[in-house]
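In what follows, a single structure is set out as structure tokens and then discussed.
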Amino acid sequence: MNQKGNSIKVWDSFIRVFHGLLIVLLGGLWWTVENGRMELHKDIGIALLALLLVRVCWGIFGSENARFKTFLKSPKAILKHLHNVFKGRYEAENTHSTAGGWAVIIMLGLLLSQVITGLFSTDGILFSGPLSNWLSSDGQKAVTSWHKTQFDVILIVIAVHILAVLFYRFKGTPLVASMVHGYRITSQQAPNLKPGWQGLILAVAVWLILMLLLN
């Protein structure tokens, strides 16, 4: 892959903190289940829901390159992108790659589904989600089963994502570094970034509201 051009800032602080917190919160959700800390599991799930909701908003009103309309491309564009990647002709972009953009949507959809089903789940004995009473007994069982199964799907998607990141790195495009410090070497124009603190404050506000409503 080609690494030509100048070092430009491509990720605002909200997007970078979002990715970091995503890793921490998912790890926390796994640990709390494994150790039977279900009240803490619920609180972490609520924090993740707040973060995801703000990421969706940021995908509509946030920084130019974080908006869904910027990085979601057609199937034809994906095929062309993958062809360039395997031929070593891909140049780093100022947003998610064409294939990576759809990976973002898949992951956001899975995670939103995971936290929402968690609100309705119950083990029938020691713990019930804050909205589980909204469903019948059969509905609770179905949602709880899907909630458990879906986490395995998420783990598979994460594994594929890690492999893809390693492959891009092998081809000469370091994706992790730019998500840490925000900069990437590319010949493309620097995107119009919004102050990341706005998204972070919004995430805290949404989290506080959800904690009040769901506790």
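Within the range 31-58, residues that are closer than 15 Å to THR117 by Cβ have Cβ atoms under 6 Å from residues that are among the hydroxyl-bearing types (Ser, Thr, Tyr) and surrounded by 14 or more Cβ atoms within 10 Å (Cβ to Cβ) in these pairs: HIS41/THR32, counting only partners at least 6 apart in sequence or on another chain. LEU22 meets each of the listed conditions (1) in contact with a Pro (Cβ under 8 Å, 6 or more places away or on another chain); (2) under 22 Å from ALA164 (Cβ atoms); (3) not basic (Lys, Arg) apart from (1).
Table: residues versus (1) farther than 24 Å from GLY109 by Cα; (2) free of Cβ contacts under 8 Å to residues at least 12 places away in the same chain; (3) part of a helix (DSSP H, G or I); (4) hydroxyl-bearing (Ser, Thr, Tyr).
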site: ALA142; (1), (2), (3), (4): no, yes, yes, no
site: TRP146; (1), (2), (3), (4): no, no, yes, no
site: GLN150; (1), (2), (3), (4): no, no, yes, no
site: LEU155; (1), (2), (3), (4): no, yes, yes, no
site: HIS161; (1), (2), (3), (4): no, no, yes, no
site: LEU166; (1), (2), (3), (4): no, yes, yes, no
site: THR173; (1), (2), (3), (4): yes, no, no, yes
site: MET179; (1), (2), (3), (4): no, no, yes, no
site: ARG184; (1), (2), (3), (4): yes, no, no, no
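Tell me, yes or no, whether the range 84-96 has at least one residue that is crowded, with 18+ Cβ neighbours inside 10 Å, in contact (Cβ under 8 Å) with a residue 24 or more places away in the chain and in a helix (DSSP H, G or I). Yes, the range 84-96 has at least one match.
For the range 124-140, the candidate set comprises residues that are closer than 17 Å to ASP43 by Cβ and without any contact (Cβ under 8 Å) to a residue 60 or more places away in the chain; within that set, the residue that is surrounded by the most Cβ atoms within 10 Å (Cβ to Cβ) is SER132. For ALA159, the requirement of being small (Gly, Ala, Ser), exposed (fewer than 13 other Cβ atoms within 10 Å of the Cβ), within 20 Å of the chain's Cα centre (by Cα) and under 30 Å from LYS87 (Cα atoms) is met.
Evaluating ALA164 against the criteria (1) hydrophobic (A, V, I, L, M, F, W, C); (2) buried (at least 16 other Cβ atoms within 10 Å of the Cβ); (3) over 26 Å from ILE60 (Cβ atoms); (4) at pLDDT below 90 leaves one unmet condition, (3).
Take the residues in the range 10-63 that are in contact with a His (Cβ under 9 Å, 6 or more places away or on another chain) and within 30 Å of ALA190 (Cα to Cα), then tell me which one is surrounded by the most Cβ atoms within 10 Å (Cβ to Cβ). The selected residue is TRP11. Take the conditions (1) more than 23 Å from the chain's Cα centre (by Cα); (2) part of a helix (DSSP H, G or I); ILE209 misses just one of them, which is (1).
The values are calculated or read from the model by the stated rules, or taken from the named source; none is laboratory data. The shown structure was predicted, so the numbers you read here are calculated from the model rather than taken from an experiment. We place every Cβ from the backbone using ideal geometry, glycine too, and count neighbours over all the protein chains shown.
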